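Below is one structure, written out as structure tokens; comments come after it.
All of the numbers you see were taken from the coordinates with simple rules; none came from a lab. Since this is a predicted model, take the numbers as computed values, not measurements. As a convention, Cβ positions derive from the backbone with ideal geometry for all residues, glycine included, and neighbour counts pool all protein chains shown.
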């Protein structure tokens, strides 16, 4: 694998990841409600989901998605269910300023798992790796060292994209003082998440 090929992959991945979608929406919603620590672990889950798709493509398993599409539909619906649950919690909980200050952290393992499910259920991510990556990389020529390099590049590029979103959302969380502003933000975030879940569900149908 040449340096040009690696740069092309990194550039395409950066653009695809930076475009707001289910992953970015979930990251921002988590950062606003839980702060940086949980959100970072959720981001690691998102990254693992990307690595999973990359691994599947490199191992020549892209045909599985076409032959056994039901498996991927189930994964998509798992992501849909998670987004719908978060949207419902945001809409009904009415997160207030004191909730932000006193909220007990949830399991970082659950945050990690939720990030993984969102990525595995994201049709944008699925299409990127199954449809676009094989056009950027000669899968047949990938060796063990190339695979390790691609995994490392995927990890770095995605964190470069995700961490600024986490930091900005966490910063906004600390600046939000008025309960009404928080409630309005919750309702907007819930609506976006619900719409995203509906979009993924439609694509999965």
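For the pair residue 163 and residue 89 in one chain, pulling the backbone fully straight at 0.36 nm per residue adds 24.2 nm over the alpha carbon distance. Take the Cβ atoms of residue 198 and residue 139, set R0 to 30 Å, and the FRET efficiency comes out at 0.35.
For the pair region 105-125 / region 1-55, the C-alpha centres are spaced 11 Å from each other.
Tell me, in nm to one decimal, what length is gained between residue 6 and residue 55 on full extension, where the rule is 0.36 nm per residue of separation less the Cα-Cα distance?
Working: separation 49, 0.36 × 49 = 17.64 nm, distance 1.56 nm.
That pair, residue 6 and residue 55, stretches by 16.1 nm at full extension.
Length gained on full extension, residue 14 to residue 152, computed as 0.36 nm times the residue gap minus the Cα-Cα distance: 48.3 nm.
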